[in-house]
Amino acid sequence: MPYGFQTIVHPTDFSDASAHAFAHALRIVLAMRGTLYLVHVADSDSFDDGFPHVRQALGLWNLMNEEESPAAVGKLGIKVSKVGVESETPLSGLSNFLDVHPTDLIVIATHGRDGIDHLLHGSIAEDLSRRAKVATLFIPPSARGFVDQGTGKIHLSRVLVPVDHSPPSEVLSIIRAFVRTMNELDATIELMHVGETGPKIMEDGAVVPVALQTGDPVSAILAAAEQVDLIAMPTKGHHGFLDALRGSTTERVVRHSPCPVLAVPVKSD
C-alpha cells in the first residue's frame, strides 16, 4: 500500500477553479488507492447536480467506460463519495465535516488576496487548512497544475522545498513519499533556504544539498517557483499580528504561486 494520504477531501463550489483542483484530487487518490470525499456546502438541503463527474473524468483518462455503473469506480482501487453539507458558512460546514471525517489531505482551489482585503474577507482555503491541521494541496488562481485535466497525466519533474534552519525530518519524508508515489519516474526535489547560512540536513548518512538565496523569503520562493511543478512547504501557522494581516510565509506564497503548493504542518512539541 502506498505511504501517505489515504483519505482525501476536496471541497468544491462547482467553479472552474474547483474543477482544476478536482482533477488533482482524483489523480492523487488513484495513486494512493484511497478514499476521496467531494464536499459541497450550501445554506439549504438543496444540492444540484453540480458535483464533478467522476466517471466522466475517468473515462476521459481512458481508465474506465463512463457508461459503467458507479460501483465500477471501485475496480480502480478507490472509493469516491459525494457529500452535501448544509451550513450557513462554507468554513463552518467543512470544519464540522472534517471533525467527523478525519482526513490526511485537503485538495482545494484558492484565490490571491493580500493585506487589508485578506483581513476583511479572509480565505476559506487558508482558514480551513489552519483549523484542520492536516496537509493541504492549494491550487492557486491561474496556477499551472501538475495534473492534466484532459488526460490525467502527471507532470511532476521538479519540486521546490523551501526550508528553515531546522526542517523536521518527518515532514521532509512525507514530501518525498508523496512525490515518489505520484511520479513513476524520479523527480528532482530541490531544497532551498533563504538566508546567509543554510541548515545541515542529513538523510541516509549523507548531507543533502540546500541551495541558498538571499532577500525576502516570499519573493525568493516565488522566483524559484517559475521553474518547478510543485512547491512543498513545512508550515507552522501564524505568529502575531503582522502574520494575521500579511499571512504566514506559506500563505503569502500560496496567494501568488504559479504552481500548486503542498503545505505540510509541523507537529507541535
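Helix 16-32 versus the longest principal axis of the chain: what angle, 0 to 90°, nearest 10, using Cα atoms? Here the helix axis deviates by roughly 90 degrees. With a cut-off of 15 Å between beta carbons, the residues surrounding residue 73 carry a summed charge of +3, where Lys and Arg count +1 and Asp and Glu -1.
Each Lys and Arg Cβ is given +1 and each Asp and Glu Cβ -1; about its Cα centre, the chain then shows a dipole of about 560 debye.
Per residue of the chain, the DSSP helices (runs of n ≥ 4 H) give a summed -39500 (n - 2.57) that works out to -9500 deg cm²/dmol at 222 nm. Here the 3J(HN,Hα) profile of region 87-101, calculated from phi with Karplus coefficients 6.51, -1.76 and 1.60 at θ = phi - 60°, is 6, 6, 9, x, 5, 5, x, 5, 4, 5, 4, 5, 5, 8, 10 Hz, Gly and Pro shown as x. Close amide-amide hydrogen proximity is noted between residue 213 and 193, 194, 195, each under 5 Å apart and 5 or more residues distant or on a separate chain (H modeled in the peptide plane; Pro and chain starts excluded).
Proximity of backbone amide H atoms, modeled 1.01 Å from N, is registered between residue 82 and 38 at under 5 Å, excluding neighbours fewer than 5 places apart on the same chain.
Distance between the 7 Å Cα→Cβ label points at residue 82 and residue 148: 2.7 nm. Relative to the longest principal axis of the Cα atoms of the chain, the long axis of helix 169-182 lies at roughly 50 degrees.
Antiparallel DSSP bridges in the chain: what percent, to the nearest 5? Restricted to the chain, the bridges split so that about 15 percent are antiparallel. Among 168, 52, 140, the residue with the largest mean-square fluctuation in a Gaussian network model of the chain, with springs joining Cα atoms closer than 10 Å, is 168.
Quick one, which of [x] 15.0; [y] 13.8; [z] 17.4 is the actual mean projected area of the Cα convex hull in nm² calculated for this model? Structure-derived value, by its label: [x].
Comparing 128, 61, 92 along the charge dipole axis of the chain, the residue lying farthest to the positive side is 61, per the Cβ-charge model. For region 54-60, the Karplus equation 6.51 cos²θ - 1.76 cosθ + 1.60, evaluated at θ = phi - 60°, returns couplings of 5, 5, 5, 5, 5, x, 4 Hz by residue, with Gly and Pro reported as x.
Please get the size of the charge dipole for region 133-231, origin at its Cα centre, with Cβ charges of +1 on Lys and Arg and -1 on Asp and Glu, quoted in debye to the nearest 20.
Around 220 debye, computed over region 133-231.
Note that region 225-230 has calculated 3J(HN,Hα) couplings of 5, 4, 10, 10, 9, 7 Hz, one per residue in order, obtained from phi through the Karplus relation 6.51 cos²θ - 1.76 cosθ + 1.60 (θ = phi - 60°); glycine and proline are x. Under a 5 Å amide H cut-off, with hydrogens placed 1.01 Å from N, residue 235 pairs with 264, 266 among residues at least 5 apart or on other chains.
FYI, it's all coordinate maths here, none of it is from the lab. Predicted model only: the values in this text are computed from it and were never measured. No Cβ is skipped: glycine too gets one built from the backbone with ideal geometry, and neighbour counts run over all protein chains shown.
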